[in-house]
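*Asks:* Would you mind keeping the following structure in view while I ask a few things?
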Amino acid sequence: MAWNSHGITVVGNKRKHNEDAMLCRPGQGLWVVADGMGGHQSGDLASRLLVDSLAEMPELADLDAEIAWVGSRLIKVNDDLCRFALSLQQGAVIGTTVVVLLARGRECAAVWAGDSRLYRFRAGRIDQVTRDHTLLDELMETGLMSREDALQQVGANVITRAVGGQAKLELDTQRFVAEVGDRYLLCSDGLDKELADDEIADLLAGASCQTVAEALINAALNRSGRDNITVVVAECA
């Protein structure tokens, strides 16, 4: 079972700095996208620290061991970022979202916190594997509000989980089995702010991972590119 991938990160049309970071390790079955918390100090430091830390993942026995290692490493990064924030002025927050894709052959897992996403594209259909950790999604999960009503709430798009955002890090993990021909997209919210899921699906049908990644970036930039944009496309071949 072989995996191919291609990743691109750009600053976008409106921002001065790129606070996103990414990692592509198809030979190891490891892909990461991190989005430094916009508007906070040193978001680029947080996302880069996280990606550099996960890049140290050693060869491990199985997928369970990899999930455990990633979780423990993210907890350490969370602790480091919280300590660093305390050394700055009172109330400083330094954090980053994260979405990780792990693959051991066809056995896969997603690990995430925040609103960076993992999509699966299979047989012409797109599905979001992850669930956004935002106030909007929490309000919708209660079953008491429609998406339209939840969007009207103040701060609906506020992230409710992040690495470095709180003293105790909460991660979600989803295991699944890949099929030959599947494509997986990890992205920061700079992409899905600009493109609807059906537009993303149309572009995921491109000829190669590189072609798809370039098309996604260009489409988001042409729409408005209001935020940093990062995409990583991985294919199970």
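Values in this text are rule-based calculations from the coordinates and carry no lab data. Remember, predicted model here, so these are calculated numbers, not experimental data. Quick reminder, even Gly has a Cβ in these numbers, built from the backbone with ideal geometry, and neighbours come from all protein chains shown.
*Asks:* Using only helices, what value at 222 nm comes out for the chain when you add -39,500 (n - 2.57) per DSSP H run of length 4 or more and divide by the total residues, to the nearest 500 deg cm²/dmol?
*Replies:* Helix contribution divided over all residues of the chain: -9500 deg cm²/dmol.
*Asks:* A further question on this structure: Only one of the listed values, (1) 0.95; (2) 1.04; (3) 1.07, was derived from the coordinates as Rg/Rh (Cα atoms, Kirkwood Rh); which label is it?
*Replies:* Computing Rg/Rh (Cα atoms, Kirkwood Rh) and matching it to (1) 0.95; (2) 1.04; (3) 1.07 gives (1).
*Asks:* If each residue of separation counts as 0.36 nm, what is the full-extension length gain between Gln89 and His17 once their alpha-carbon separation is subtracted?
*Replies:* 23.7 nm
*Asks:* Which of the helices in the chain, when you take each full DSSP H run, stretch at least 27 Å along the axis at their Cα atoms and have an average Kyte-Doolittle score of -0.5 or higher?
*Replies:* 63-86
*Asks:* I've got another one for you. In sequence order, what are the phi-derived ³J(HN,Hα) couplings for the stretch 89-98 according to the Karplus relation 6.51 cos²θ - 1.76 cosθ + 1.60 with θ = phi - 60°, rounded to whole Hz, with x for glycine and proline?
*Replies:* Here the 3J(HN,Hα) series is 5, 4, x, 5, 10, 10, x, 7, 6, 7 Hz.
*Asks:* Excluding residues on the same chain fewer than 8 positions from Lys14, give the lysines whose Cα lies under 23 Å from its Cα.
*Replies:* Lys193
*Asks:* Rounded to the nearest 20 debye, what is the charge dipole size of the chain about its Cα centre when +1 sits on each Lys and Arg Cβ and -1 on each Asp and Glu Cβ?
*Replies:* Computed about the Cα centre, the dipole is about 400 debye.
*Asks:* Give me Leu204, Leu195, Leu221 sorted ascending by neighbouring Cβ count inside 10 Å, so fewest comes first.
*Replies:* Ranking Leu204, Leu195, Leu221 by Cβ neighbours within 10 Å, fewest first, gives Leu221, Leu195, Leu204.
*Asks:* Just grab the label-to-label distance for Arg226 and Phe176, each label 7 Å out from Cα along the Cβ direction, in nm (one decimal).
*Replies:* For the pair Arg226/Phe176, the computed spacing is 2.8 nm.
*Asks:* Let me ask another. Near Ser87, within a Cβ-to-Cβ distance under 15 Å, what is the net charge of the other residues, with Lys and Arg +1 and Asp and Glu -1?
*Replies:* Values: positive: Arg83; negative: Asp79, Asp80.
Neighbourhood net charge equals -1.
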